[in-house]
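Values in this text are rule-based calculations from the coordinates and carry no lab data. As the structure is a computational prediction, the values presented were derived from the model and not from experiment. Here the Cβ positions follow ideal geometry from the backbone for every residue, glycine too, while neighbour counts run over all protein chains shown.
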Amino acid sequence: MNATKLLQYLSTRLRGPRLDGALAVLALVLAILPARALAPWTGDVARIVAVPIVPIMHLGMALRERIRPPREVFDPRAPEVIELEMAAERYRTLFEQSRLKTEALERDLAAVKAVRARAGSGGVQLETAAVIGIDPTRREGLVRISLGARHGVHRDAAVILRGDIFGGVVANDPAEFVSLVRPSVRCSLGVRIYPAEGVDADRAPAVFPGTVLKPADGGVWLGDLASDAEVREGQVVRLADDRYGNVSKGMRVGRVRRVLPNDQVPLARVVEVEPLAHLVDEATVVVAIDPPEGTP
Amino acid sequence: MRWAVYILFTLIALAIDASFGGILKIGESQPRFLPCVVVFAILSAPRPYAVRIAMMAGLLADLLSPVLRSDGTQLVVLGPWTLGFALGSLAVVPLRTLLYRRNPISSGFATLVFSLLASVVFVAVWVLRMLLLRDETPSWWPGTGGGEVWRQAKVALVNGLVAVPTVWLLEKTRPLWGFSTAKRVIPGAARDLA
């Protein structure tokens, strides 16, 4: 009864702007109620209110999915995803292999071009060979390359590294498809010693000090020098030996490591030269094959 | 004005907002059809009802936009949109005399104003709630209130754009709404002659 009277009172008093104000105050009170006061009932009210709009909502969702299909959930462990990742990895490896191969080919090409520029039109045939192993006996430090008599390789053919470094000579009569190369560090070489910073092209080679390098222990050469020769550490040693063909003449061989006094000959000194590159460390080399005798 | 028709259109607008509306998203701003319906009603309904019909729509919006709490449960907070729509309606009501009500572009502008003010109040109420009740987090958490106002301002702009065709369509249903078309007759010389 009291409630009815209260409602009647409210309906008579709360009209127009007063009703709006009362509703706003009620909304504000509801808005700042703590969760524990709202949670027990607002969720249920919301579910009841949502009932009539659910069919329309489903229709709208169906329409939306029709117009813009939802993206499938990405599953990183799905077989097709794993397969794609493996394929990507495989192709990445192949790409890397191709890239390395291209780089190696470009290096070979540059080396061949450099040697050819040096060889001029002397009819020397240049072939690229792969270093495939070392001599099993290891006594002479011979290195096996992938060119043989079938390719025209002959004894004493010069082997060149990186286009400008004398690497050695073919040691003996080659087999059909492989040859054994004696590294330059195992050869006795007639050389001249040039300044490290380069030389004037007009100056004759004879003005630079020369010596004969002989293999020594530790993978270096030793050579005797006159005491008046001006030689310093770091100078470049170039081949000046006719025995190794015209192509290799003038190529770099090594670098002066030390200049030592000669105890046995007071007026001479000993120069110690280290190689610029080791044949066994190279992947490919260029072999300068002289034309067969009788070829014009 | 027929309240049943208004409630029906409000529910349809809410359903569209909750389902199909996502397809009309411009950037991160999804337009809402509910403010368009409310503004259409406010501009045509009797002036005393304006705040009430807006609050009713706001209440429905509150009921259908629960907040996800940190413990994974949902909480329906009544009030933020209710108060926001009330203030929005108070801003739109004076525009009734300034705008040509049946022009959809006028309605678009009114919807923009309505949505903007409603969103400001919505954020303000949530900020107040956060200050009073420390353990509450709004829907925009961990963003800031200013960021939410900016986001809602963009939504308001999109609402204004969407309101133009929506109100044009709603105008086609005007006979259903039962808006009063009676004009106040002012006595004058011509009437006296008649």
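What the table below lists for this structure:
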{"read-out": "Principal-axis tilt of helix A:2-13 within chain A, Cα atoms, nearest 10 degrees", "value": "80"}
{"read-out": "Residue exposure sequence - B:THR137, B:THR82, A:THR211 - by fewest surrounding Cβ within 10 Å", "value": "B:THR137, A:THR211, B:THR82"}
{"read-out": "Dipole magnitude of the stretch B:3-193 about its Cα centre (Cβ charges: Lys, Arg +1; Asp, Glu -1), debye to nearest 20", "value": "720"}
{"read-out": "Rounded tilt (10° steps) of B:104-132 against the dominant C-alpha axis of chain B", "value": "40"}
{"read-out": "Linear extension gain, A:ALA110 paired with A:ARG71, 0.36 nm per residue minus alpha-carbon span", "value": "8.8 nm"}
{"read-out": "Local net charge near A:VAL271, Cβ-Cβ under 9 Å (Lys/Arg +1, Asp/Glu -1)", "value": "+1"}
{"read-out": "Cα-centred dipole magnitude for the stretch A:104-289, charges only on beta-carbon of K, R (+1) and D, E (-1), debye, nearest 20", "value": "220"}
{"read-out": "Loop trypsin sites (Lys or Arg not before Pro), the stretch B:1-37 (other Cβ atoms within 10 Å of the site Cβ: 14 or fewer; DSSP)", "value": "B:ARG2, B:LYS25"}
{"read-out": "Loop sites in the stretch A:1-93: GluC sites (Glu not before Pro), DSSP, at most 16 other Cβ within 10 Å", "value": "A:GLU72"}
{"read-out": "Along chain A, longest interval not containing exposed trypsin sites (Lys or Arg not before Pro), exposed being DSSP loop plus at most 15 other Cβ atoms within 10 Å", "value": "A:233-296"}
{"read-out": "Dipole magnitude of the protein assembly as shown, debye to nearest 20 (Cβ charges: Lys/Arg +1, Asp/Glu -1, about Cα centre)", "value": "4120"}
{"read-out": "Environment charge at A:VAL236 (Cβ cut-off 10 Å; Lys +1, Arg +1, Asp -1, Glu -1)", "value": "+3"}
{"read-out": "Cα lying deepest toward the dipole's positive end in the stretch A:184-248, options A:VAL212, A:PRO195, A:ALA226, charges on Cβ", "value": "A:VAL212"}
{"read-out": "Alpha-carbon Debye profile of the stretch B:3-193, log10 I(q)/I(0) at 0.18 Å⁻¹", "value": "-1.20"}
{"read-out": "Spatially proximal aspartates and glutamates relative to A:LYS214 (Cα-Cα < 12 Å; intrachain offsets below 8 disregarded)", "value": "A:ASP224, A:GLU272, A:GLU274"}
{"read-out": "Length released on extending from B:ALA4 to B:SER180, taking residue separation times 0.36 nm less the Cα-Cα span", "value": "61.8 nm"}
{"read-out": "GNM flexibility winner over chain A from A:HIS278, A:HIS154, A:HIS58 (Cα, springs under 10 Å)", "value": "A:HIS58"}
